[in-house]
Amino acid sequence: MLCGFYTSGVLFLKIPLKKDNFLHNSCMLGWRRNLYVLTSAGFMIMSSFSMVLPFLPQYLREMGVRDHLETWSGMVLGASFLAGAVVSPVWGALGDRYGQKAMVIRSGASIAVVNLLMSFAGTPYHLLALRVMSGLLGGFLPAGNALAASMVPAEEIAYALGLIQISAAAGSVFGPVLGGALADSIGIRLTFVAAFFIVSLATLLVALFVREGQMKGKIENACPSPGGSVFQTLRSMLRHKGTRRILLVILLGQLTAMSVQPVMSLVIEGMAAKSIS
């Protein structure tokens, strides 16, 4: 993350280069620069994504939802994840064909526009449709992982993917704190606008500073494609018992972690009201 901001400072703010210092050697040379920019972008994307989650129930209430608020909250929250799960293989296949950097930029630009549109949502149906659109057009992190894996040396792939995942997890933790503070100070709708600017900055960093193709063909040579359509590839993967078990564990983990998300802010709101009374 630090390297992403250093790179931005060098190119945008004209910070003087000191080529013998540690930051420059670590951040501005080859694949490391690409990796650290992707890490910073992933942090910002996940921060912007999670910063709107705490107040979605309150946003629905602001739109006039009174009955079945918990159900609406679950639908709005889950719509993005469900839509993303359906189309992720398609975006992955398009990334293999047209380049993962193009998919990262496409995803970032789409998420930014959807965040901006959500600030103008007038009914819960508008918000639900935009959340579905966010999932359908998303896929920033999977494309970013594939892009990073295609750029780094083979012996550094585990390090690169681990670093991106850590930055994404950090963004997921930081986002709700930032979103709650912004919603309390500037309002919910302007918080969506803030998310738009954060995602736009992340996308701009990738577009300007990441260079694709330095190690082109490495992943294809190491892991040749089985061929066929996306769904044929998925069926081939699911034939393996180990893959099915891994997917089941991930599914159960996500169900456990996300099942309380739609109502968490409502529970805290109720607890605060009781403590005041």
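A short reminder: the numbers here are calculations on the coordinates, not readings from a lab. These numbers come from a predicted model, not from an experiment. Quick reminder, even Gly has a Cβ in these numbers, built from the backbone with ideal geometry, and neighbours come from all protein chains shown.
Odds and ends about this structure:
- Net charge, LEU77 excluded, C-beta distance under 11 Å - Lys, Arg +1, Asp, Glu -1: 0
- Pairwise FRET efficiency - SER88 versus ALA109, Cβ, R0 = 25 Å, nearest 0.05: 0.90
- Net charge contributed by nearby residues that have their C-beta within less than 14 Å of VAL206 (K/R +1, D/E -1): +3
- FRET E, pair PHE120, PHE197, Förster distance 22 Å, beta-carbon r, rounded to 0.05: 0.90
- Each label point was placed 7 Å from the Cα along the Cα-to-Cβ direction; for TYR98 and ILE246 their separation is 2.8 nm.
- Within region 62-93: backbone nitrogen closer than 16 Å to the SER259 label point (7 Å, Cα to C-beta): 71, 74-75, 78
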